[in-house]
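Student: This is the structure, below, for whatever I ask next.
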Amino acid sequence: MSLLIAALALIAPAAGAQQIVGDAIPRSLTGQPGDAARGRAIVANRSVGLCLLCHSGPIAEERFQGDLSPSLAGAGSRWSEGQLRLRIVDGARLNADTIMPAYYKTSGLQRVARSFEGRTILSAEQVEDVVAYLASLRD
């Protein structure tokens, strides 16, 4: 088991190790493209991503959707994959007043429960899945 953990540490970048270029993280966190179907499931899941708490989106089966933040419809037309990635990883890098949580960040956070310290909300693979889904949403 410890060999598996060591291998995963070598292939998955540490949270916070991404290169930010302008308003984007141009490279995949995993080195692989995400899966849009898994990303849609994460966005719709009220226990994992919680995206629809604040955003609305083209997920008709989810009746109660947020209106505090921009609609996710057409996100792929408005932002590149790299721009979407930075917004998910740490939106505060673009807007210090955002209410959106940093989904792939472990340092510089406040009021984190001890059981969640050092852990990201989403894994690198989940971030890439959400990026793939949002990038597919074009008007």
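Student: Just flag the GluC sites (Glu not before Pro) in the range 88-138 sitting in loop per DSSP whose Cβ has no more than 14 other Cβ atoms within 10 Å.
Tutor: Loop-located and lightly packed - Glu117.
Student: From the backbone phi of the range 98-112, what are the Karplus-calculated ³J(HN,Hα) couplings (6.51 cos²θ - 1.76 cosθ + 1.60, θ = phi - 60°) in whole Hz, Gly and Pro given as x?
Tutor: 4, 9, 6, x, 7, 7, 9, 9, 10, 10, x, 8, 10, 6, 9
Student: How many nm is it between the label spots at Ala73 and Asp139, if each spot is 7 Å from the Cα in line with the beta carbon?
Tutor: According to this spin-label approximation, the distance is 1.0 nm.
Student: Hey, what number do you get for the chain at 222 nm if only DSSP H runs of n ≥ 4 count, each worth -39500 (n - 2.57), divided across all residues, to the nearest 500? Let's see the in-between values first.
Tutor: Details: 5 runs with 46 residues, N = 139.
Calculated at 222 nm, the ellipticity per residue is -9500 deg cm²/dmol.
Student: Could you give me the ³J(HN,Hα) list for the range 61-75, computed from phi with Karplus coefficients 6.51, -1.76, 1.60 and θ = phi - 60°, whole Hz, x at Gly and Pro?
Tutor: After applying 6.51 cos²θ - 1.76 cosθ + 1.60, I find 6, 9, 6, 9, 10, x, 9, 7, 10, x, 4, 7, 4, x, 4 Hz.
Student: In nm, to one decimal, how far is the Ile99 label point from the Glu61 one, both placed 7 Å along Cα→Cβ?
Tutor: If labels sit at Ile99 and Glu61, their model points lie 2.8 nm apart.
Student: Ignoring trypsin sites (Lys or Arg not before Pro) that are buried or in helix or strand per DSSP, and keeping those with at most 13 other beta carbon atoms within 10 Å, what is the longest stretch of the chain between them?
Tutor: Values: sites that count: Arg46, Arg63, Arg111, Arg119, Arg138.
With a cap of 13 other Cβ atoms within 10 Å, the longest stretch comes to 64-110.
Student: Just check the range 19-139 against the gyration tensor rule for me: Cα atoms, a ≥ b ≥ c as the square roots of the eigenvalues, rounded for a/c under 1.5, and otherwise prolate or oblate depending on whether a/b exceeds b/c.
Tutor: rounded
Laboratory data are not the source of any read-out in this text; all were calculated from the coordinates shown. What you see is a predicted model, and the numbers here were worked out from it, not measured in a lab. Cβ coordinates were reconstructed from backbone atoms using ideal geometry, including for glycine residues, and neighbour counts include every protein chain displayed.
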